[in-house]
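The structure appears below as structure tokens.
The values are calculated or read from the model by the stated rules, or taken from the named source; none is laboratory data. Keep in mind the model is a prediction, meaning the values are calculated, not measured. Don't worry about glycine lacking a Cβ; one is built from the backbone with ideal geometry, like all the others, and counts go over all protein chains shown. Ligands, DNA and RNA are stripped out before the accessible areas are found, and what is left, the full protein with its side chains, is counted by its heavy atoms. Shrake-Rupley method; radii C 1.70, N 1.55, O 1.52, S 1.80 Å.
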Amino acid sequence: MTFRTDSAEPGRDDYDLARLLVWERGFAKYDADPEADLLRRVQELFTEDEHRRALAYLAASEQDTGRLDVIEAGLGEDTTGDIAWLAGQLRTAWARLDELRDRIDNSGTLIDLHYMAEGIDYVRGSRVQNELKDTVR
């Protein structure tokens, strides 16, 4: 894969790069060959490092529920200890965060969605664009 050698817009932070990547994924899905179109768009807009940073930012927002399952399984019968309580609180927080992200994605235009999403470091639309998620890794 051939990326840009110099940044199109130097100084963009990871959040901005991830937003741009999700934006381009949204456009690519309308092409006859979405994967090829996304690949072309990414190569035109990103350096290799910028693309890696954008993917890492998006991956960091995914919850590691498998690891939490392993922790909970390791507790055995201890359902009243501090670790069990923390695991339950984390699972509840993740569920509420998922609901908040879904509401941001499904919101209309009556509120400043960028401001709200930025408040929780969330890239709007990244949860609904997962069908093209792994196409340009």
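Brief remarks follow.
- Unmet requirement for R12, which otherwise passes all of (1) more than 22 Å from A117 (Cβ to Cβ); (2) open to solvent by less than 50 Å² (accessible area, probe 1.4 Å); (3) outside any helix (DSSP H, G or I): (1)
- Residue check, R25 in a helix (DSSP H, G or I) and in contact with a helix residue (DSSP H, G or I) (Cβ under 7 Å, 6 or more places away or on another chain): yes
- Applying a threshold of 8 Å to beta carbon distances and a minimum spacing of six or more residues, or different chains, the list of pairs starting in region 10-33 at a residue that is farther than 13 Å from V123 by Cβ and ending at one that is open to solvent by 60 Å² or more (accessible area, probe 1.4 Å) and assigned to a helix (DSSP H, G or I) reads A28/E35; K29/E131.
- Pairs linking a residue in region 88-109 that is more than 29 Å from E72 (Cα to Cα) to a residue that is open to solvent by 60 Å² or more (accessible area, probe 1.4 Å) and not in a helix (DSSP H, G or I), with Cβ atoms under 8 Å and 6 or more positions apart or on different chains, are I104/R124; D105/R124; D105/R127; D105/V128.
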